[in-house]
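Enquirer: Structure in structure tokens, see below.
Bear in mind that the values in this text are calculations on the coordinates, not laboratory data. These numbers come from a predicted model, not from an experiment. Neighbour counts are summed over all protein chains in view; Cβ atoms, including those assigned to glycine, are modelled from backbone coordinates with ideal geometry.
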Amino acid sequence: MHAGREGPLLPILHAVQAEFACVDEAAEKAIAKALNLTRAEVHGVVSFYHDFRAEPDPRPTVQICRAEACQARGVEALMPGAEAAAGDRVRLEAVYCLGLCSAGPAARVGDTLHARLDAETLATVIEQA
């Protein structure tokens, strides 16, 4: 599907991650062979980007913007409560821009964006993930 495209590695990695919830060693080897790359080249890309995981993680993910605009709007003060709400059930992932800079702090669950978060609303977002 992507092999004929220019620069197919990232789209392939995203497709594998979406389908299998990880890009494991076997997938890296298969992708490297299909694209005539070394496994080291593929692994270098996989390990560079935080989007890819070597093992599936069944927990829901809440991405919390930690970029400068959200920091200026108080996201760091929300993190202890967010971590407490997440516990071991929800994986919190720092991201560095959700495109809601004027409405931060912001978070994303799947394709749903949440803006103007305070401690209570962020905890609710996490608990409902």
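Enquirer: For Rg/Rh (Cα atoms, Kirkwood Rh), which listed value, (1) 1.06; (2) 0.97; (3) 1.03, comes from the coordinates shown?
Expert: Given (1) 1.06; (2) 0.97; (3) 1.03, the calculated one carries the label (1).
Enquirer: State the antiparallel share, in %, of DSSP beta bridges confined to the chain, rounding to the nearest 5. Could you put the intermediate results ahead of the total?
Expert: On the way: 5 of 10 bridges.
Of all bridge pairs located within the chain, approximately 50 percent are antiparallel.
Enquirer: Could you work out how far helix 119-128 tilts from the main Cα principal axis of the chain, as a 0 to 90 degree angle to the nearest 10?
Expert: Tilt of helix 119-128: around 50 degrees.
Enquirer: Report the Cys residues of the chain lacking a disulfide-compatible partner, meaning no second Cys Cβ under 4.7 Å from their Cβ.
Expert: C22, C97, C101
Enquirer: Defining a contact as two alpha carbons under 8 Å apart and six or more residues distant in sequence, what relative contact order in percent does region 61-128 show?
Expert: Reported relative contact order: 42 percent.
Enquirer: If you plug each phi of region 82-98 into the Karplus form 6.51 cos²θ - 1.76 cosθ + 1.60 with θ = phi - 60°, what whole-Hz ³J(HN,Hα) values come out, in order, with x for Gly and Pro?
Expert: So the J values, rounded to whole Hz, are 5, 5, 5, 5, 6, x, 9, 7, 10, 8, 8, 10, 6, 10, 10, 2, 10.
Enquirer: Largest first and to the nearest Å, give the Cα extent of region 55-129 along each principal axis.
Expert: Reported extents, whole Å, longest axis first: 32, 21, 17.
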